[in-house]
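Visitor: My structure is below; once you've seen it, I'll send some questions.
The values are calculated or read from the model by the stated rules, or taken from the named source; none is laboratory data. On a predicted model such as this, the values are computed, not experimentally measured, just so you know. Counting neighbours? That spans all protein chains shown, and the Cβs are built from the backbone with ideal geometry, glycine included.
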Ligand SMILES: [Zn+2]
């Protein structure tokens, strides 16, 4: 049991307080949420849950008034944080030193996941590259990284991961399957293009929410509303991923888990 999924430090009351603080700050500082008040014609105490699909093209409105997004001067803010990837790897029991290969749809200028853990991108077949030969060239460095280490953690959707297994046949490979909430019943990591990684299956078999980083609640219509507690830009409050889940408490770890239908 690692510190990240043990019950140590979890308090439902403090978790709710952190959520309330994030919500207040979002209404006060972020156009996307302030506009919910404008539309309602009054100050709301609860955010209106937002389906993930509605976040497309909204990056500028999801950043605080005081720290606007500048697409000409900074990369997309949707590329995902190394800290969250590290957190789900640790939760899933893959927190060691083996290089991490992540299947993505675009290259990323990232060589490590902090300190000494090496990292490489493998481009999926639907990646935006000019032609297939270029895609294979771009995948070479990551595959070499794994070959040199003799081991790797391979992260990606089930079908995408399968493509790379033959190339990693000589490497001791731990596969962590990633899926959205709607496919999380059998997956190791729960991922959303906007929220990033927010839950992982721990040794107990349950899908643990990264509760230090995310709050979740079941909205009035039964959908799961997820809030990023630590992210300053973009601010994500009550975001609803595709799929359904119940919220519970792990009997082994006493921290929040997601219940999804396999
Ligand atoms: Zn557990």
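Visitor: Just give me the residues in the stretch 225-262 being without any contact (Cβ under 8 Å) to a residue 60 or more places away in the chain, within 16 Å of the ligand (Cβ to nearest atom) and exposed (fewer than 15 other Cβ atoms within 10 Å of the Cβ), in sequence order.
Guide: 246, 247, 248, 249, 251, 259
Visitor: Test of understanding: among 101, 108, 115, which residue is at positive phi and in the same structural domain as residue 154 (by TED's automatic domain parsing)? Steps first, please.
Guide: Details: 101 fails: at positive phi; 108 fails: at positive phi.
Every option except 115 fails the conditions.
Visitor: Go through the stretch 17-43 and report how many residues are in a helix (DSSP H, G or I) and in contact (Cβ under 8 Å) with a residue 40 or more places away in the chain. Outline the logic, then answer.
Guide: Looking only at the stretch 17-43, we keep the residues that are in a helix (DSSP H, G or I), and these are 17-29, 31-40.
Next, only the ones that are in contact (Cβ under 8 Å) with a residue 40 or more places away in the chain stay: 18-19, 22-23, 25-26, 29, 32-33.
Counting residues in the stretch 17-43 that are in a helix (DSSP H, G or I) and in contact (Cβ under 8 Å) with a residue 40 or more places away in the chain gives 9.
Visitor: Look at the stretch 60-94 and say how many of its residues are assigned to a loop (DSSP other than H, G, I, E, B), under 22 Å from residue 206 (Cβ atoms) and in contact with a strand residue (DSSP E or B) (Cβ under 6 Å, 6 or more places away or on another chain). Lay out the reasoning, then the answer.
Guide: Narrowing the stretch 60-94 to residues assigned to a loop (DSSP other than H, G, I, E, B): 63-81, 92-94.
Restricting the remaining residues to those that are under 22 Å from residue 206 (Cβ atoms) gives 92-94.
With in contact with a strand residue (DSSP E or B) (Cβ under 6 Å, 6 or more places away or on another chain) added as a condition, the list becomes 92, 94.
Qualifying residue count for the region: 2.
Visitor: Among the residues of the stretch 138-173, count how many are assigned to a helix (DSSP H, G or I) and surrounded by fewer than 18 Cβ atoms within 10 Å (Cβ to Cβ). Steps first, please.
Guide: We begin by selecting, within the stretch 138-173, every residue assigned to a helix (DSSP H, G or I); these are 138-149, 158-164, 166-168.
Retained after the next criterion (residues that are surrounded by fewer than 18 Cβ atoms within 10 Å (Cβ to Cβ)): 138, 140-141, 144, 147-149, 158-159, 162-163, 166-167.
Here the count works out to 13.
Visitor: Look at residue 97 and say whether it is part of a loop (DSSP other than H, G, I, E, B), touching a helix residue (DSSP H, G or I) at 6+ places or on another chain (Cβ under 9 Å) and closer than 29 Å to residue 258 by Cβ.
Guide: On the way: part of a loop (DSSP other than H, G, I, E, B): yes; touching a helix residue (DSSP H, G or I) at 6+ places or on another chain (Cβ under 9 Å): yes; closer than 29 Å to residue 258 by Cβ: yes.
Yes; evaluated as a whole, the condition is true for this residue.
Visitor: Does the stretch 180-215 hold any residues that are touching a helix residue (DSSP H, G or I) at 6+ places or on another chain (Cβ under 7 Å), within 13 Å of the ligand (Cβ to nearest atom) and part of a strand (DSSP E or B), and which are they?
Guide: Scanning the stretch 180-215 gives 200, 208.
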